[in-house]
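Working notes for the structure below.
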Amino acid sequence: MKENANIRRQRRQDLIEATIAVIAVHGYAGTTVSRVAEKAQVSAGLMNFHFASKDLLFQAVFDHLSDEYDRVWQQCLAEAGSSPLDRLKVMIETYFHPDVFTAEKLAVWFTFWSDANLRDHYRAPATRVEEQYSKEIVAELRRLLADKARP
């Protein structure tokens, strides 16, 4: 039973990655179930088994990208040490981390942020991560300013 769950999880991941690749080439409007299924090398029926609608697939893609970015910057921040300046540098550098800064993923983020309907529809995951990121930036800036104010 666990093997089937792992296979399903991997198939869903394959479909998410295929969708990222298709959005990068064709944009949101040009991303179709058949193109994603072809890219993932599965049937449209199998794709529909994992995602009952294109809307649910897109939600999974934006959840995946947001969670991935969140995981990467949290991991980098945990390894940064305690210096506020070092932590700020790491947070900025994380935007360019090779796990999150790829041509395909960048194209998907540009598609997401440039299309108001798309952005409004799938805003929750990206907003959650951005709010957390912003709070961390502000906290580190306050620590840095407090350190600089000490004689």
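R142 fails exactly one of the following numbered conditions: (1) loosely packed, with under 13 Cβ neighbours inside 10 Å; (2) under 26 Å from A60 (Cβ atoms). What is the number of that condition?
Condition (2) is where R142 drops out.
This table checks each residue for (1) on the phi > 0 side of the Ramachandran plot; (2) among the aliphatic types (A, V, I, L, M).
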{"residue": "G27", "(1), (2)": "yes, no"}
{"residue": "V33", "(1), (2)": "no, yes"}
{"residue": "A44", "(1), (2)": "no, yes"}
{"residue": "V61", "(1), (2)": "no, yes"}
{"residue": "L77", "(1), (2)": "no, yes"}
{"residue": "F96", "(1), (2)": "no, no"}
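Filter the range 114-151 for residues that are closer than 15 Å to S83 by Cα, modelled with pLDDT of 80 or more and not acidic (D, E) and give the result.
Once the filter is applied, which keeps residues that are closer than 15 Å to S83 by Cα, modelled with pLDDT of 80 or more and not acidic (D, E), the range 114-151 yields I137, V138, A139, L141, R142, R143, L144, L145, A146.
Suppose we filter the range 77-114 for residues that are within 20 Å of R143 (Cα to Cα) and among the hydrophobic types (A, V, I, L, M, F, W, C); how many remain?
Number satisfying all stated conditions: 8.
Which helices (runs of 4 or more DSSP H) sit wholly inside the range 1-98 and have at least 1 residues that are in contact (Cβ under 8 Å) with a residue 40 or more places away in the chain and of a type outside the set (A, V, I, L, M)?
By residue number, 2-26, 44-50, 54-78, 84-94.
Check T94, T111 and return the single one that is within 20 Å of T19 (Cα to Cα) and among the β-branched types (V, I, T).
Answer to the selection: T111.
Any idea which residue in the range 50-73 is farthest from the chain's Cα centre (by Cα), counting only those that are crowded, with 16+ Cβ neighbours inside 10 Å and of a type in the set (G, A, S)?
Going through the qualifying residues, I end up with A60.
Given the residues F110, F101, which is the only one that is without any contact (Cβ under 8 Å) to a residue 40 or more places away in the chain and either loosely packed, with under 14 Cβ neighbours inside 10 Å or not in a loop (DSSP other than H, G, I, E, B) (or both)?
After ruling out the rest, the residue left standing is F110.
Counting only residues that are more than 15 Å from the chain's Cα centre (by Cα) and of a type in the set (S, T, Y), which one in the range 74-98 is surrounded by the fewest Cβ atoms within 10 Å (Cβ to Cβ)?
For the range 74-98, the residue satisfying everything is S82.
State which residue is modelled with the lowest pLDDT when the search covers only the range 16-53 and only residues that are within 18 Å of L106 (Cβ to Cβ) and of a type in the set (S, T, Y).
Y28
The values are calculated or read from the model by the stated rules, or taken from the named source; none is laboratory data. These numbers were taken from a predicted model, which means no experiment stands behind them. Quick reminder, even Gly has a Cβ in these numbers, built from the backbone with ideal geometry, and neighbours come from all protein chains shown.
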